[in-house]
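Everything below concerns the one structure shown next.
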Amino acid sequence: MTTSRISGFYNLNLDERRKKIAESSSLLDLSTLDSALTTGLSLETALHMVENVIGLYALPLGIGLNFQINGRDVLVPMVIEEPSVVAGASFMAKLARAKGGFIAESTEPLMIGQLQVLEVDNLYEAKQKILDNKQELIEYINTFPSSIKKRGGGIRDIEVRVFDDLIIRGFLVVHLIYDVRDAMGANAINTACEQLSPKIEALTGGKVHLKILSNLSDRRIVKSKCVIPVKELAFDSFSGEEVRDGIIAAYAFAAVDPYRATTHNKGVMNGVDAVVIATGNDWRAIEAGAHAYAARSGKYTSLSTWSKDNEGNLVGELEMPMAVGIVGGATKVHPAAQMAIQLMDVKSANELAEIIVSVGLAQNMAALRALATEGIQRGHMSLHARQIAISAGASGDLIEKVASQMVLEKNIRSERAEEILKNLESGK
Ligand code: MEV
């Protein structure tokens, strides 16, 4: 069984950290971990992934610790360039353990494909014709061979929408509701839309224009919840009640104001995207879907909610679309993404999606806790100082020495880092 609680991880060196992760994981050995993270994506593979490739671009991969999701410990790989995100999420996951960690659930992995049908004479008659032939259309599409269908997926439903109050001639939009199982599903849906198109044209007498998936995956929803006992929230001079009420007041701000909600949701996405990227999934799709979902009421608002229960515990909930896969695409070809899936021991796309949304919730709580108490900059300080030290030329032990000196002086600037480095190197 994997354990996600590894005390003192932060103080270990790189080799010791990898060893600890391999020991703590029930599935991954050190050599797999080493080769995925050292060799990573080969140039040869990259050359076949996108166009005009001239090299690779690396980002840090950290491990989100302490996560317990649906009763299971999970070591969470997070790829991100921003300091404090991995530490923040790990710390909140630790607080959440007191009440069993995160409880997450997801809908069936249903994606939507859209066909825009132009030049239809009578939109309402055409809509009815499609609906009358729905079963036949579903059966027709499901006869085409595809790996998703082999895994039990396929078209589940067809819906038709009419847009007739427009400045141009009205049109129909046909939705294919596609159960994509463990795939993200974009290719399968786009193919199915193209396959269905001649049938729709024949039925409606119209012309199918766009055929493409929708990134508003609002049939593929994940909810995650955590309950934090108020005493867990106390730190420094802040009482647990103060922190809890501060987080709830911060949430109230995001709930009513789109300017704040955007930043609040960006904090959620700090956690979400880090895992989405680590697993080779399409983070632009996730971002687009998340923000559209946040505006589903007609007003952009917070994706998460924070409240207190009858016992005074802090309760956080996050609900959002999560169109990720564990088969195909970059997930299949990137060795680090493969390692990430293995490390988390996820057996289905839904399980991965539940982890991702739980990390988003943890990260949201980390940001709100900091903002509601000491402010966001303090936590950033030491990692920011290390980055400045590295950019000033420090390496090895000198990074920590230069960084700590700048934090102590509350003077984190490149010029100061260069001076401190010079002094340390000349033995002053
Ligand atoms: C920074 O990357 C994210 C935050 O701005 C999120 C928030 O304000 O809630 C700290």
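Among Ser395, Ile420, His384, flag the residue with its Cα farthest along the positive direction of the charge dipole of region 378-426, charges on Cβ as +1 for Lys/Arg and -1 for Asp/Glu. It is His384, whose Cα lies furthest towards the positive end. 3J(HN,Hα) couplings calculated from phi for region 15-25 with the Karplus curve 6.51 cos²θ - 1.76 cosθ + 1.60 (θ = phi - 60°) are, in sequence order, 4, 5, 4, 4, 4, 4, 5, 4, 5, 7, 8 Hz; Gly and Pro show x. In this Cβ point-charge picture (+1 for Lys and Arg, -1 for Asp and Glu), region 196-330 has a dipole of about 800 debye about its Cα centre.
Using a 1.4 angstrom probe on the protein heavy atoms only, could you order Val74, Val53, Val256 from most to least accessible area? Could the numbers behind the result be given before it?
Details: Val74 0, Val53 35, Val256 95 Å².
Order by accessible area, largest first: Val256, Val53, Val74.
Annotation for Ser391 and Asn190: the two label points, set 7 Å from Cα along the Cα-Cβ direction, are 3.7 nm apart.
Ignoring any ligand, DNA or RNA, what whole percent of the accessible area of region 110-213 comes from carbon and sulfur when the probe is 1.4 angstrom? Spell out each step's value before the answer.
Values: 2630 of 5250 Å².
Carbon plus sulfur share of accessible area: 50 percent.
So how strong a dipole does region 378-426 carry about its Cα centre when Lys and Arg Cβ are +1 and Asp and Glu Cβ are -1, to the nearest 20 debye? Mind showing how you got there, number by number?
Numbers: 7 positive and 7 negative charges, 47 e Å.
Here region 378-426 has a charge dipole of around 220 debye.
Quick one: grab the alpha carbon gyration tensor of region 320-396, order the square roots of its eigenvalues as a ≥ b ≥ c, and give me rounded if a/c is under 1.5, else prolate or oblate depending on whether a/b is larger than b/c.
Numbers: a/c = 3.64, a/b = 1.48, b/c = 2.47.
Oblate is the answer for region 320-396, as a/c is 1.5 or above yet b/c matches or exceeds a/b.
Taking each DSSP H run with n ≥ 4 as -39500 (n - 2.57) and averaging over every residue of the chain yields -15500 deg cm²/dmol at 222 nm. Protein heavy-atom accessible surface, 1.4 Å probe, per residue over region 1-46: 63 Å².
Against the chain, whose longest principal axis comes from its Cα atoms, helix 240-256 is set at around 40 degrees. In this structure Lys266 has an accessible area near 100 Å², from a 1.4 Å probe over the protein heavy atoms.
Grab the beta carbon distance between Lys422 and Ser348, set R0 = 45 Å, and tell me the FRET efficiency rounded to 0.05. My answer for the efficiency is 0.25. Give me the percent relative contact order of the chain, please, defined on Cα pairs under 8 angstrom at least 6 residues apart. Computed value for the chain: 18 percent relative contact order.
Take every Cα pair under 8 Å in region 110-213 that's 6+ residues apart, average their separations, divide by the length, and report that relative contact order as a whole percent. Relative contact order for region 110-213 comes out at 46 percent. Each residue was assigned an accessible area with a 1.4 Å probe, and for Ser426 the value is about 80 Å². How far is helix 283-294 tilted off the main Cα axis of the chain, in degrees rounded to 10, range 0 to 90? It works out to around 80 degrees. Between the helical axis of 349-372 and the longest alpha-carbon principal axis of the chain there is an angle of about 50 degrees.
Ligands, DNA and RNA excluded, the heavy atoms of Asp345 present near 40 Å² of accessible surface to a 1.4 Å solvent probe.
Take Asp29, Asp397, Asp257, Asp165 and sort them by solvent-accessible surface of the protein heavy atoms, 1.4 Å probe, largest at the top. Let's see the in-between values first.
On the way: Asp29 75, Asp397 120, Asp257 35, Asp165 140 Å².
Largest accessible area first, the list is Asp165, Asp397, Asp29, Asp257.
Apolar share of the accessible surface for region 337-428: 51 percent from carbon plus sulfur atoms, 1.4 Å probe.
Ordering His334, His209 by accessible area with a probe of 1.4 Å, largest first, what comes out? Show your work: numbers first, answer last.
Details: His334 50, His209 95 Å².
Descending order: His209, His334.
Rolling a 1.4 Å probe across the protein heavy atoms gives region 263-386 an accessible surface of 34 Å² per residue.
The values are calculated or read from the model by the stated rules, or taken from the named source; none is laboratory data. Being a predicted model, the structure only gives us computed values, none of them experimental. When we count neighbours, we look across all protein chains shown, and the Cβ atoms used for this are built from the backbone with ideal geometry, even at glycine. The accessibility values were calculated without ligands, DNA or RNA, using every heavy atom of the protein model including side chains. Shrake-Rupley method; radii C 1.70, N 1.55, O 1.52, S 1.80 Å.
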